[in-house]
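Data block below; observations after.
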Amino acid sequence: MSQTELHFEPTIYYRPDGNQLVFQMSECKRIDLILKELSAIYQREDKRDWPDRQLPYEAPELILEAIGLLERATEWGEPTDDELTGEPPMTADEMHTAAWKEHQEAHR
């Protein structure tokens with residue numbers, strides 16, 4: 001099977017001692033392959049004349065929308081200012097101390 005084909009089953013290799021090594025494809029890699037295939041489908045459909053199209057009328061627009069959404073889902077960007085503002089994170093010691101105080105007050 002070539003690399004451009006969607007192939008999500010794990011790859012299994014056998015060591016000389018008979019043990020198996022199982023390699024799972026990462027979720028990001030799966031989405032990347034789906035994106036490539038959706039892009040290829042869109043490009044093929046866009047090159048066809050109207051009478052020869054194989055997908056329903058609105059399908060190319062929906063494919064472009066799906067590509068955009070999947071690309072957004074896999075982007076690793078810097079956090080925005082809104083995500084960075086707020087309360088500073090607590091250390092484990094601070095959380096434990098606060099929980100212990102709350103526990104002591106509950107038993108008074």
**Prompt:** Mean separation of Cα pairs under 8 Å and 6+ residues apart, divided by the residue count of the stretch 7-74: what relative contact order is that in percent?
**Reply:** 26 percent
**Complete:** Scalar couplings 3J(HN,Hα) for the stretch 30-42 by Karplus 6.51 cos²θ - 1.76 cosθ + 1.60 (θ = phi - 60°), nearest whole Hz, x for Gly and Pro, are 4, 5, 4, 5, 5, 4, 4, 5, 4, 5, 5, 4, 4
**Request:** Step through the residues of the stretch 53-69 one at a time and calculate ³J(HN,Hα) from phi using the Karplus curve (6.51 cos²θ - 1.76 cosθ + 1.60, θ = phi - 60°), rounding each to whole Hz and writing x for Gly and Pro.
**Result:** 5, 9, 9, x, 3, 8, 4, x, 5, 5, 5, 4, 5, 5, 4, x, 5
**Prompt:** Roughly what would the spin-label model give for Thr97 and Gln43, points 7 Å off Cα along C-beta, in nm?
**Reply:** 6.0 nm
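Bear in mind that the values in this text are calculations on the coordinates, not laboratory data. What you see is a predicted model, and the numbers here were worked out from it, not measured in a lab. Cβ: placed from backbone, ideal geometry, glycine included. Neighbour counts: every protein chain shown.
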